[in-house]
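Structure, as structure tokens:
The values are calculated or read from the model by the stated rules, or taken from the named source; none is laboratory data. Being a predicted model, the structure only gives us computed values, none of them experimental. Cβ: placed from backbone, ideal geometry, glycine included. Neighbour counts: every protein chain shown. Surface accessibility is based on the protein's heavy atoms, side chains included, excluding ligands, DNA and RNA. Shrake-Rupley method; radii C 1.70, N 1.55, O 1.52, S 1.80 Å.
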Amino acid sequence: MLLGLPGLIVERVELDEDRSRVVHVVTDERWAGLCSACGERSTSVKAHTATAPKDLPYGPAAVKMLWHKTRWRCRAEQCPQKTFTDQVPSIAPGARTTTRLRHAVAEAVGENRSVDEVARSHRVSWTTVQRAFTRLCATVLGEPPPTPLLGIDETCFGRPRWRRGEDGRWLLVEPWETGFVDLTGQHGLLGQVDGRTSAAVRSWLSGRSQAWRDTVRSSRSTRPPRTRPRCASCCHRRGSLSTTSVSSWPRTGR
Ligand SMILES: [Zn+2]
């Protein structure tokens, strides 16, 4: 109630070594142990873990939130989800920021503030703000205008980073995004999703109507080459990595 984040309850507040406040929160019992796949409530604890999702700033001093949550086993026979962690309405599954923080930064950019300035004032990364704004645009604008020539671009925002997953293992996170653009030049960016996988592309395309997909006559992908291209004419040495390859893109995905 203190934070106003549905599903989370403040347990205690401590001062960190740098004098910043650390707010320890736990999952509200109404949400604890609820399997997101089957809806059954589990009482079988597998492990305890903690994450530090970022929230709106509280005053001039930094406030760090530490969410202590539980990894559960789902005992429902037909459920495909064998283990899961607590999920609450105020934080999307796997998100490192609260939903209200992402809304706030997206709306701030929508009020003509720069992405860089909004990121600094909310103490989040430029990438977080840009992604939130892109999602807000997709929500507000709805179905993008149709195009007969669809371009699929992959863009890397910053350097790859190591991040510890909820199971304690370190994961290499590459900040790639896939953008969908109108190659006729009429409508520019049509949509953007996290990642550079075929699943991400299929997910975005499946969100479009059949009529929208039927208007696409051709699609192209601009992907960085996996290996340096060789000179085909004279020396056969590998050239610069600054070039990008353009290849045909099957309409049904990669
Ligand atoms: Zn389940």
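Within region 24-32, is there a residue that is assigned to a strand (DSSP E or B), open to solvent by less than 30 Å² (accessible area, probe 1.4 Å) and within 16 Å of the ligand (Cβ to nearest atom)?
Looking through region 24-32, none of the residues is assigned to a strand (DSSP E or B), open to solvent by less than 30 Å² (accessible area, probe 1.4 Å) and within 16 Å of the ligand (Cβ to nearest atom).
If I filter region 81-101 down to residues being part of a loop (DSSP other than H, G, I, E, B) and away from the ligand (no atom under 16 Å from the Cβ), which single residue comes out as nearest to Thr70 (Cα to Cα)?
Looking at the filtered set, the residue picked out is Gly94.
How about region 33-47: which of its residues are within 16 Å of the ligand (Cβ to nearest atom) and part of a strand (DSSP E or B)?
If the condition is that a residue be within 16 Å of the ligand (Cβ to nearest atom) and part of a strand (DSSP E or B), then Leu34, Arg41, Ser44, Val45, Lys46 are the ones that fit.
Among what's in region 48-77 and is loosely packed, with under 14 Cβ neighbours inside 10 Å and within 22 Å of Ala92 (Cβ to Cβ), pick the residue that is farthest from the ligand (Cβ to nearest atom).
Ranking the candidates gives Tyr58 first.
Test Gln210 against the stated conditions and say whether it is at pLDDT 85 or above and either in the same structural domain as Asp86 (by TED's automatic domain parsing) or open to solvent by 60 Å² or more (accessible area, probe 1.4 Å) (or both).
Taking the combined requirement at face value, the residue satisfies it.
From the list Arg19, Arg12, exactly one residue is more than 25 Å from the chain's Cα centre (by Cα), more than 16 Å from the ligand (Cβ to nearest atom) and on the phi > 0 side of the Ramachandran plot. Which is it?
Numbers: Arg12 fails: on the phi > 0 side of the Ramachandran plot.
Sole residue among the options that is more than 25 Å from the chain's Cα centre (by Cα), more than 16 Å from the ligand (Cβ to nearest atom) and on the phi > 0 side of the Ramachandran plot: Arg19.
At pLDDT 85 or above, among the small types (Gly, Ala, Ser) and not in a helix (DSSP H, G or I): which single residue out of Gly151, Gly185, Gly168 fits that description?
Numbers: Gly185 fails: at pLDDT 85 or above; Gly168 fails: at pLDDT 85 or above.
Going through Gly151, Gly185, Gly168 in turn, just one is at pLDDT 85 or above, among the small types (Gly, Ala, Ser) and not in a helix (DSSP H, G or I): Gly151.
Residue under question is Arg131, and the condition is that it be open to solvent by 40 Å² or more (accessible area, probe 1.4 Å), in contact (Cβ under 8 Å) with a residue 24 or more places away in the chain, more than 16 Å from the ligand (Cβ to nearest atom) and closer than 27 Å to Gly191 by Cβ; does it hold?
Numbers: open to solvent by 40 Å² or more (accessible area, probe 1.4 Å): yes; in contact (Cβ under 8 Å) with a residue 24 or more places away in the chain: yes; more than 16 Å from the ligand (Cβ to nearest atom): yes; closer than 27 Å to Gly191 by Cβ: yes.
Yes: the conditions hold for Arg131.
Among the residues of region 136-155, which ones are over 13 Å from Asp182 (Cα atoms) and out of contact with any Asp or Glu (no Cβ under 9 Å at 6 or more places or on another chain)?
Cys137, Ala138, Thr139, Val140, Leu141, Gly142, Glu143
Any residue in region 25-51 that's touching a residue at least 60 places away in the same chain (Cβ under 8 Å): show its pairings with residues that are within 16 Å of the ligand (Cβ to nearest atom) and assigned to a loop (DSSP other than H, G, I, E, B) at Cβ separation under 6 Å, as long as the two are six or more apart or on different chains.
Within 6 Å, the pairs are Thr27/Asp86.
Just to be sure before I move on: is Ala32 at pLDDT 90 or above, outside the structural domain of Thr128 (by TED's automatic domain parsing) and farther than 23 Å from Cys79 by Cβ in the structure I sent? Break it down into steps so the answer makes sense when it comes.
Working: at pLDDT 90 or above: yes; outside the structural domain of Thr128 (by TED's automatic domain parsing): yes; farther than 23 Å from Cys79 by Cβ: no.
In short, no.
Being modelled with pLDDT under 90 and out of contact with any His (no Cβ under 8 Å at 6 or more places or on another chain): is that true of Ala92 here?
Working: modelled with pLDDT under 90: yes; out of contact with any His (no Cβ under 8 Å at 6 or more places or on another chain): yes.
Considered against the rule, which asks whether it is modelled with pLDDT under 90 and out of contact with any His (no Cβ under 8 Å at 6 or more places or on another chain), Ala92 comes out as yes.
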